[in-house]
Amino acid sequence: MKLDYESLKAIKPDIILTTATAFGGPGPWSDRVGFDGVGQVMSGSVYMTGAGDPPYRAAVNWVDFGTALHCAFGTLAALIERGKSGRGQIVEGALLATALSFTNATLIEQAVIKANRVPTGNLGQTAAPADIYRTKDGWMLCQVTGHPLFIRWARLMGEEDQWLSDPRFADDIKRGDNGPVISERMARWCAERTTQEAVDTLGGAMIPAGPVLSPQQALDHPHIRATGFMQDVDYPGLPIPAPVVRAAVRLSETPGEIVARPPMLGEHTDLLLAALGYDTAAIAALRQSGII
């Protein structure tokens, strides 16, 4: 589109240009294109997901949305800087940069101690119990990280002496190394309960746990509904309103709200061109020429 920074800066010296690419730069792959999955596979995340044969990428586009968030954060920072100094600048986001930032803890561990970890499915590697467990009627996740939480878990099992005196379980890393032993005990506990019973009991003991929900179950979950995280929005062509998630961060004094549905493709073209000074005949000519 030829919207390079220098050309735009010549028109508006304090302009802020925000861009997002697949690989960022400078580098030998700077001109290549890519999608969310490319960032996932090149960050180490996909390698560590699943059981390893085959590797699994995440079903949700966390790299795409994470890059959008980074770009929004960078643009806000640039606006604050312009408010102080009057200077504009380029804000650059990249899918690969986002993916590497989210995977950074794993990369740091590998660089420093050469852990050479391999995927272990849902079983946690640096704490335990940390896994997804089958219940009487479904699945649930429990994650115990830190010794205070492990003490609570041992008490809940009614087996403090067994778990707290064994040197194999003295800290998170040792518990992660011996995770299958702890996870087997937790699996037996979960198998005796429904998902609701398990997560309620663990929640009451201040141990992190949650049910594995289908998309429909997520929409219907009483806590998700009660929080008001989502807002029903009408949209042309849909049989029912779409549940659109509100801004995932709330501000007490200036809360964001969904005030209008997203526009249809080209819905506001005429309005925007008219605001820029094009009259009806000029807009018609642009449309006839296939420009809009």
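The values are calculated or read from the model by the stated rules, or taken from the named source; none is laboratory data. Keep in mind that what you see is a predicted model, and the values were worked out from it rather than measured. When we count neighbours, we look across all protein chains shown, and the Cβ atoms used for this are built from the backbone with ideal geometry, even at glycine.
Of note:
- Strands (runs of 3 or more DSSP E) fully within the stretch 206-292 counting 2 or more residues that are in contact with a helix residue (DSSP H, G or I) (Cβ under 9 Å, 6 or more places away or on another chain) and closer than 23 Å to Met140 by Cβ: 209-211
- Conditions (1) exposed (fewer than 11 other Cβ atoms within 10 Å of the Cβ); (2) more than 30 Å from the chain's Cα centre (by Cα); number of the one not met by Val245: (2)
- Of note, Met264 does not satisfy the criterion of being in contact with a strand residue (DSSP E or B) (Cβ under 9 Å, 6 or more places away or on another chain) and of a type in the set (A, V, I, L, M).
- Filtered residue count, the stretch 7-26, keeping only those that are under 30 Å from the mean Cα position of the chain (by Cα) and modelled with pLDDT of 95 or more: 10
- From the list Thr201, Thr194, the one residue that fits, being surrounded by 12 or more Cβ atoms within 10 Å (Cβ to Cβ), of a type in the set (Ser, Thr, Tyr), in the same structural domain as Leu141 (by TED's automatic domain parsing) and over 15 Å from Trp153 (Cα atoms), is Thr194.
- Residue within the stretch 85-98 that is assigned to a loop (DSSP other than H, G, I, E, B), of a type in the set (S, T, N, Q), assigned by TED's automatic domain parsing to the domain that holds Tyr47 and in contact (Cβ under 8 Å) with a residue 12 or more places away in the chain present: yes
- Residue within the stretch 250-259 that is closer than 30 Å to Glu160 by Cα and exposed (fewer than 14 other Cβ atoms within 10 Å of the Cβ) present: no
- Restricting attention to the stretch 1-49, the residues that are assigned to a loop (DSSP other than H, G, I, E, B), without any contact (Cβ under 8 Å) to a residue 60 or more places away in the chain and not small (Gly, Ala, Ser) add up to 11.
- Residue match in the stretch 11-31 (condition: assigned by TED's automatic domain parsing to the domain that holds Leu95 and under 22 Å from Val118 (Cβ atoms)): no
- Any chance Ile292 is in contact with a Ser or Thr (Cβ under 8 Å, 6 or more places away or on another chain) and either surrounded by fewer than 14 Cβ atoms within 10 Å (Cβ to Cβ) or not assigned by TED's automatic domain parsing to the domain that holds Trp153 (or both): yes
- The lone exception for Leu141 - which of (1) in contact with a strand residue (DSSP E or B) (Cβ under 7 Å, 6 or more places away or on another chain); (2) of a type outside the set (Lys, Arg); (3) not assigned by TED's automatic domain parsing to the domain that holds Thr195 it fails: (3)
- When we screen Leu156, Leu141, Leu164 for residues that are in contact with a Leu (Cβ under 8 Å, 6 or more places away or on another chain) and modelled with pLDDT of 95 or more, the only hit is Leu156.
- Test: residue in the stretch 52-62 that is more than 23 Å from Leu3 (Cα to Cα), polar (S, T, N, Q) and either part of a helix (DSSP H, G or I) or without any contact (Cβ under 8 Å) to a residue 24 or more places away in the chain (or both): no
- Considering residues of the stretch 60-105 that are among the hydroxyl-bearing types (Ser, Thr, Tyr), out of contact with any Phe, Trp or Tyr (no Cβ under 9 Å at 6 or more places or on another chain) and crowded, with 17+ Cβ neighbours inside 10 Å only, the residue farthest from Ala22 (Cα to Cα): Thr103
- In the stretch 103-159, the residues that are among the β-branched types (Val, Ile, Thr) and either in contact with a Ser or Thr (Cβ under 9 Å, 6 or more places away or on another chain) or closer than 14 Å to Arg188 by Cα (or both): Thr103, Thr106, Thr126, Ile132, Thr135, Thr145
- Filtering the stretch 176-188 for residues that are assigned to a helix (DSSP H, G or I), within 25 Å of the chain's Cα centre (by Cα) and either among the small types (Gly, Ala, Ser) or assigned by TED's automatic domain parsing to the domain that holds Met48 (or both) leaves a non-empty set.
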